[in-house]
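Values quoted throughout were computed directly from the atomic coordinates according to the rules given, and no laboratory measurement underlies them. Here the structure is a predicted model, which is why all the values come from computation and not from measurement. Neighbour counts run over all protein chains shown; Cβ positions are idealised from the backbone, glycine included.
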Amino acid sequence: MSTPTLHSALLIDGHLVGGEGVAEAILNPASGEVLCSIAEASLEQLEAAVQAAHRAFPAWSRTTPAQRAATLLAIAEAIDAQAEQLAQLEALNCGKPLHLARQDDLPATADVFRFFAGAVRCQQGQLAGEYLEGHTSLVRRDPVGVVASIAPWNYPLMMAAWKIAPALAAGNTLVFKPSEHTPLSILALAPALAQILPAGVLNIVCGGGEGVGSSLVGHPKVRMVSLTGDIVTGQKILQSAARTLKRTHLELGGKAPVIVCNDADIDAVVQGIRSYGYYNAGQDCTAACRIYAEKGIHDRLVAELGDAVASIRFARKKDADNEIGPLISARQRDRVASFVERALGQPHIERVTGAAVHSGPGFHYQPTLLAGCKQSDEIVQREVFGPVVTVTRFDHLSQALDWANDSEYGLASSVWTQNLDKAFQLANRLQYGCTWINTHFMLASEMPHGGLKRSGYGKDLSSDSLQDYSVVRHIMVRHGQQLD
Ligand code: NAD
């Protein structure tokens, strides 16, 4: 993998231009080395991006679903054509193993554009009828306007697709801001996007959250803000959006409970948590990180899972040998380390494996399993966003359900049992946007993804997302009732 050279850091009104704001170093988290530096958008450039999106809106919003679908399909083709380069950049900029970026991130990104190309052509719900005598009503779905989309760093290109594809499909224009840590992959795709899309329909600005991000959110011509990020960021965005009454779509954090019943297939549970508790070094809002194990399976699960987690390959010299990468930054690694340190300061919590910063270069943290955790422990309640999984033992299913739901988060959960009655009873009562049964983590472009409670609201993926990016309008025609 070679170090990227980037000449332009912004896409404004169809032009690729360099940022005129402060330059930020972009790091390779696997080594800690500086890859390049990217200059942020200046306030004038941000203004130009929003104005371009505003100017492009009338024409783009009047295109037919078939025209927009053709554009989205062309973007998917461009992603496929550049897949190897994009996977390499994703791996470099996030530190994730290249084989995973190739096999998971890139195909999923292209698929999201393909799904929304199809979904927008099937969008229905236009109600028409005579609800008052001599009047015919119809209901239209129209785009919202200029959307500001703001993405996190854990899956940069995939998160960009989740934000950009439904908003464009629904007929909106956008200003997209990647995370300040991980702009490289979307910037590498920007020349193709500039060729495919009419000028101004999609603008890309780089920069930090407090500067570029908050100015974008506060702009009066932005009609909707879509964020995937932290709860605190969501709260700040809501406060700012309140001033101009913008629509908001918030995909925030998570702390997924995993209920393991005595009758679960233990091999599947161990394999599932080893994979989906630690995938992307646990930097995933749906990570299987909060296990509740029934008393009859608890001890065996802790022992077998401990061995399985200790065998996760990371920080090896040969990238192909790694199953997970580092944390995104030294700050994030230190945040994870301090969560674990505080947890191990509690006498009842047992270190099963891991719990240390890796001594080599980069921001790696050992895959960690902690047992003996109690419901009230900070490590059980708060999102760590790192390779750390806790186990709590339970005696009765109702207790597991209460504990699973006793969380400020409501994004994802899973239940592991071979008894379908039990599985459905638990799944139906779990207060989460998604519950998996005997699996975890799996997403499909066709299915809605989004949280309840403080995990936010609005759905990514699925045709529900198209609805979130559109407004409902009623048109009523008075036509009388007498023909002659
Ligand atoms: P973050 O909130 O720090 O940053 C997310 C984005 O918001 C970045 O682009 C950042 O620059 C921007 N931002 C920050 N402050 C802002 C402000 N005041 N105004 C406007 N924009 C601002 O989150 P992160 O650290 O990049 O990502 C990790 C978080 O994202 C975790 O909490 C994780 O759970 C969450 N996440 C949620 C989902 C989901 O689908 N629910 C998916 C991935 C990540």
statement: segment 257-437: relative contact order from alpha carbon pairs under 8 Å, six or more residues apart, as a whole percent, is 28
- prompt: Which shape class applies to the chain: rounded if a/c is under 1.5, otherwise prolate when a/b exceeds b/c and oblate if not, where a ≥ b ≥ c are the square roots of the Cα gyration tensor eigenvalues?
  reply: oblate
- request: Please give the helix 231-244 orientation as an angle from the longest Cα principal axis of the chain, in degrees from 0 to 90, rounded to the nearest 10.
  value: 20
- request: Place +1 on the Cβ of every Lys and Arg and -1 on the Cβ of every Asp and Glu in segment 236-300, take the dipole about the Cα centre, and give the residue among N280, N262, A293 whose Cα lies farthest towards its positive end.
  value: N280
query: Based on DSSP, what percent of beta bridges with both residues in the chain are antiparallel, to the nearest 5?
result: 45
field: Unit charges at the beta carbon, dipole of the chain: most positive-side option, V175, L35, S398
entry: V175
- request: Show that you can apply the helix-only estimate: for the chain, add -39,500 (n - 2.57) for every DSSP H stretch of four or more residues, divide by all residues, and state [θ] at 222 nm to the nearest 500.
  value: -12000 deg cm²/dmol
- request: Please work out the Cα center distance from segment 254-274 to segment 206-220, rounded to the nearest Å.
  value: 40
- line: Relative contact order as a percentage, segment 252-360, C-alpha pairs under 8 Å and 6+ apart, gives 25
task: Give the relative contact order (percent, whole number) for the chain; include only Cα pairs under 8 Å separated by 6+ residues.
output: 18
task: Taking the Cα centre of the chain as origin, sum charge times position over the Cβ atoms of Lys and Arg (+1) and Asp and Glu (-1), and report the length of that vector in debye to the nearest 20.
output: 760
- line: Listed by chain and number, the lysines with an alpha carbon less than 30 angstrom from that of K318, same-chain partners under 8 positions apart left out, are K96
task: May I ask you to list the lysines whose Cα is less than 25 Å away from that of K374, ignoring any residue fewer than eight positions away on the same chain?
output: K255, K295, K422, K453
field: Computed label-point distance, nm, for sites M476 and S137 using a 7 Å Cα→Cβ extension
entry: 0.7
